[in-house]
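The values are calculated or read from the model by the stated rules, or taken from the named source; none is laboratory data. For clarity, every value in this text was computed on a predicted model and none was experimentally measured. Neighbour counts run over all protein chains shown; Cβ positions are idealised from the backbone, glycine included. Calculation scope for accessible area: heavy atoms of the full protein, side chains included, ligands and nucleic acids excluded. Shrake-Rupley method; radii C 1.70, N 1.55, O 1.52, S 1.80 Å.
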Amino acid sequence: MNSKTAPCSNTPEGERPEAAVTLRTNLKPGDIGSIVNLHGVTYAREYGFDHTFEAYVAGPLSEFVCSVSRRGRIWIAERDGKIVGCIAIVPVSQEIGQLRWYLVDPSARGAGLGKKLLHEAVAFCRECGYKSVILWTVSSLVAAAHLYESVGFKKVEEKPGRQWGVDVVEEKYELILQ
């Protein structure tokens, strides 16, 4: 899949529809910086995370982009040439994939894009033959936890601590596929 239109519009009839959101898996120049920026700005505004969160995103993201694996993929959601969401699967082992960098810009929320991205990622994991998918999040991301649980993820671990300038409870979720 290189690019396709995601059915993510719920515009009432008679109103001008928003521009279509497209998903692509091919990276373009500027994408990595845009993904890091989206994470940094959104998490600072919504959860009070500091600048160190951007480094937390940027380091592993650059490693992922520089490695080549048929068992890893990133999806970029775009609207009018602007990145409005992303999600990735990173291979941890032959049996385990990790969901990373899952975020929908606040301007694109509420129209099903988050579900679409999550379903694409889980379907990819099934196609790759992963036995399970893991992810790490924080307890303050309640809406995301509901999405994870809606596709079968279960919380398996919690770790309270201080990260990115705030107190957090990190949570590990797992989805058993086989």
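When the residues of the range 62-77 are filtered to those that are among the aliphatic types (A, V, I, L, M) and either within 28 Å of R109 (Cα to Cα) or surrounded by 12 or more Cβ atoms within 10 Å (Cβ to Cβ) (or both), which remaining residue is modelled with the lowest pLDDT?
V65
Kindly list the number of the only condition in (1) open to solvent by 10 Å² or more (accessible area, probe 1.4 Å); (2) farther than 20 Å from I35 by Cβ; (3) in contact (Cβ under 8 Å) with a residue 40 or more places away in the chain that fails for E95.
Evaluating E95 over (1) open to solvent by 10 Å² or more (accessible area, probe 1.4 Å); (2) farther than 20 Å from I35 by Cβ; (3) in contact (Cβ under 8 Å) with a residue 40 or more places away in the chain leaves (3) as the failure.
How about the range 142-178: which of its residues are open to solvent by 60 Å² or more (accessible area, probe 1.4 Å) and outside any strand (DSSP E or B)?
Residues satisfying the conditions are V142, A143, H146, E149, S150, Q178.
Does the range 27-46 hold any residues that are small (G, A, S), open to solvent by 20 Å² or more (accessible area, probe 1.4 Å) and in a helix (DSSP H, G or I), and which are they?
Matches in the range 27-46: G33, S34, A44.
For the subset of the range 17-26 comprising residues that are open to solvent by 30 Å² or more (accessible area, probe 1.4 Å) and either in a strand (DSSP E or B) or hydrophobic (A, V, I, L, M, F, W, C) (or both), which member is farthest from R73 (Cα to Cα)?
Among those that are open to solvent by 30 Å² or more (accessible area, probe 1.4 Å) and either in a strand (DSSP E or B) or hydrophobic (A, V, I, L, M, F, W, C) (or both), it is A19.
Can you name every residue in the range 104-126 that is assigned to a loop (DSSP other than H, G, I, E, B) and under 11 Å from the mean Cα position of the chain (by Cα)?
Answer for the range 104-126, where residues must be assigned to a loop (DSSP other than H, G, I, E, B) and under 11 Å from the mean Cα position of the chain (by Cα): just D105.
Go through (1) surrounded by 21 or more Cβ atoms within 10 Å (Cβ to Cβ); (2) in a helix (DSSP H, G or I) one by one and return the number of the condition F49 breaks.
With (1) surrounded by 21 or more Cβ atoms within 10 Å (Cβ to Cβ); (2) in a helix (DSSP H, G or I) applied to F49, the lone miss is (2).
Among S107, S139, which is polar (S, T, N, Q), more than 19 Å from V21 (Cα to Cα), open to solvent by 30 Å² or more (accessible area, probe 1.4 Å) and out of contact with any Gly (no Cβ under 8 Å at 6 or more places or on another chain)?
Step by step, each of S107, S139 is checked, and only S139 is polar (S, T, N, Q), more than 19 Å from V21 (Cα to Cα), open to solvent by 30 Å² or more (accessible area, probe 1.4 Å) and out of contact with any Gly (no Cβ under 8 Å at 6 or more places or on another chain).
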